[in-house]
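Here is the structure we will look at.
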Amino acid sequence: MTRTLRAYVETYGCQMNISDGELMEGILESEGYAIASSPEEADVVLVNTCAIREHAEQRVLGRVAQLKGLKTENPKLLLGVTGCMAQRMGDDLARKAPWVDLVMGPDGYRSLPTVLDRLRRGYADAPAPRPRSRRRGPQLTVLDLDTGENYQGLEQRRTSGVSAWVPIQRGCDHRCTFCIVPYVRGPEKNRGPREVLGEIASIAAGGVTEVTLLGQTVNSWEADGWSFAELLRQVARAPGIRRVRFTSPHPNDLTEELVEVMAEEPAVCEQLHLPAQSGSNRTLRRMLRRYTVETFLEKVEMARRAIPDLALSTDIIVAFPGETHGEFEDTLELMRSVRFDDAFTYRYSPRDGTPATRLPDEQFIAPDVAQARLEELISVARGIQSEINHGEVGRVEKVLIEKAARDAGHILGRTRRNKVVAFPGEIEAIGRYGTVTLPSTTGATFRGERVDAARPLAVGSGAAV
């Protein structure tokens, strides 16, 4: 009797990477693989990677070096590196890590079972390794970008029974000078609306009530004559769906029509992630962001006017080449002016192949100056977040319970406005809704107390909450 092969996917990076990890698991499971719970139990280990920042790549390289030991214990183990870092480094990664069997970019996943079978047959046919040899068997790179590959028709293996990522778009047509995504994921490719809605219906039928629509610039999605606003409206009206989110939108595509849908549809959460990147118009031009600080502020005002209780988050990069101290101060002023509920803050990280790396050497900010700017930005962002959250103490909120908290006997829930709340409860409540008061905050998260604790928590069905 043939033993079932086992695969383990270890994912690093953004929500799109998490979704890609689920996609690879779904593809392999549909071809008869079992999904292992640890690399030690697996016949195939795939490290699913991010290429946005150098630190993330170094972390993955260290992990791949650790996994080399598993191949010593199990010579038949197949070790692959997939995702954006694999696409960016390509053959260089295969040379630097000769114990890696497969290097596969994001457009290769449909062929994953076939490629793994080819590798396995190659190992079976390979001669015994010579003493001190670095590897035995073949090594493959699958790096072609496919302008038509949006993984239509393939099912993800969803690991959460609480919330689901739904990719509706892959790749990006923007060419921001700091960003590697268009070069490792290719141009924008959008899934058809009927398939997206069919997937949403399947998710709801499985008892999951919250979905997040994913895309590199998700609100630029359009297909078959549909706009993103129309797709969002139809997803929000899908039976069984109680909460809808989307990420990450581009400010230029935040239209009045889209904001109107957000305001009118009860299932669409009062939360918006709107990447600003900088508070300096000169820096925005050099980043090729295609908006100004003034037009960004107009978008913020439009959204807040339509949705007064909106929670707003952003991305900010400091120390972009050529950024002056005054331009950095402009970014701090934008933070203080808009008062984001949350901010994801980064120090500029050069990525080979992006236009910004070709700027004159003298424009690159010294590492100590860049780090000081990042630390000041983080301090300002956290201070604003803490002030906002302290102002929300005493609110009563409905939360979707996601997982156990670090403290024994406590669970974590998330509000519609994407605020995290820890409160007493049992893990059996995960996936259900509960009502809590917010008596205190750490500044970033809230402590909650159950309302009507003796009453059972609401199951995942019914009206949007």
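Quick note: the coordinates plus some simple rules give every number you see, no bench work behind them. Predicted, not measured: the structure shown is a model, and the values here were computed from it. Neighbour counts run over all protein chains shown; Cβ positions are idealised from the backbone, glycine included.
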| Separation between the V369 and H410 pseudo-spin-labels, each 7 Å from Cα along Cα→Cβ, expressed in nm? | 4.2
| remark: By the rule of another cysteine's Cβ lying under 4.7 Å, the cysteines of the chain that fail to get a partner are C14, C50, C84, C172, C269
| said: I'd like the distance separating the alpha-carbon centroids of the stretch 227-245 and the stretch 201-216, in whole Å. | reply: 10
| remark: The farthest towards the positive end of the charge dipole of the chain, of the residues Q371, A164, A51, given +1 on Cβ of Lys and Arg and -1 on Cβ of Asp and Glu, is A51
| Calculated diffusion of the chain, Stokes-Einstein form, Kirkwood radius summed over Cα pairs, 37 °C and 0.692 mPa s, µm²/s | 137
| request: Provide the gained length on full extension for the span A34 to E155, in nm with one decimal, where the gain is 0.36 nm per separating residue minus the Cα-Cα distance. | output: 42.0 nm
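Please state the shape class of the stretch 163-390: rounded when a/c is under 1.5, otherwise prolate if a/b exceeds b/c and oblate if not, all from the C-alpha gyration tensor. Could you put the intermediate results ahead of the total?
Details: a/c = 2.20, a/b = 1.55, b/c = 1.42.
It comes out prolate by the Cα gyration axes.
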| request: Given a cut-off of 27 Å, name the pairs among K96/K403; K299/K419; K71/K96 whose C-alpha atoms lie farther apart than that in the structure shown. | output: K96/K403
| remark: For the chain, longest principal axis from Cα atoms; helix 15-30 axis from its Cα atoms; angle between them, nearest 10 degrees, is 50
| Measure of compaction for the stretch 219-276 (Cα Rg per 2.2 N^0.38 Å) | 1.07
| note | In order over the stretch 177-193: 3J(HN,Hα) from phi, Karplus 6.51/-1.76/1.60, θ = phi - 60°, whole Hz, x for each Gly or Pro, gives 5, 9, 9, 8, 3, x, 8, 10, 10, x, x, 4, 9, 10, 6, x, x
| task | Tell me the label-point distance for the pair D92, E301, using the 7 Å Cα-to-Cβ offset, in nm and rounded to one decimal. | result | 4.5
| task | Kindly state, to the nearest 0.05, the FRET efficiency for A238 paired with E428, given R0 = 22 Å and r defined as their beta-carbon distance. | result | 0.25
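R290 to K76: FRET efficiency via 1/(1 + (r/R0)^6), r the Cβ-Cβ distance, R0 56 Å, to the nearest 0.05? Numbers along the way, then the final one.
On the way: r = 51 Å, r/R0 = 0.90.
Computed FRET efficiency for R290 and K76 comes out at 0.65.
With only alpha-carbon atoms in the gyration tensor, what are the semi-axes of the equivalent ellipsoid for the stretch 331-463, in Å, largest first? Kindly include the intermediate steps, with their values, before the conclusion.
Details: eigenvalues 316, 58, 32 Å².
With the √(5λ) rule applied to the stretch 331-463, the semi-axes are 40, 17, 13 Å.
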| request: Could you let me know the centre-to-centre spacing of the stretch 328-374 and the stretch 75-105, using Cα atoms, in angstrom? | output: 31
| message | Skipping prolines and chain starts, which residues have an amide H placed within reach, meaning under 5 Å, of the one on T82, given they are 5 or more residues away or on another chain? | response | V47, N48, T49, M104
| Between D309 and K403, how many nm apart are label points set 7 Å from Cα along the C-beta direction? | 2.7
| request: With both partners inside the stretch 163-390, how many of the DSSP beta bridges are antiparallel, as a percent to the nearest 5? | output: 15
| said: Per DSSP helix of 4 or more residues, -39500 (n - 2.57); summed, then divided by the residues of the chain. What does that give at 222 nm, rounded to the nearest 500? | reply: -10500 deg cm²/dmol
| request: With a ≥ b ≥ c taken as the square roots of the eigenvalues of the C-alpha gyration tensor of the stretch 6-142, please select rounded if a/c is under 1.5 and otherwise prolate if a/b is larger than b/c or oblate if it is not? | output: oblate
| said: At R0 = 45 Å, how high is the FRET efficiency between L359 and R3 if r is their beta carbon distance? Nearest 0.05 is fine. | reply: 0.25
| Amide H partners (placed H, <5 Å) of T441, local residues excluded | R447
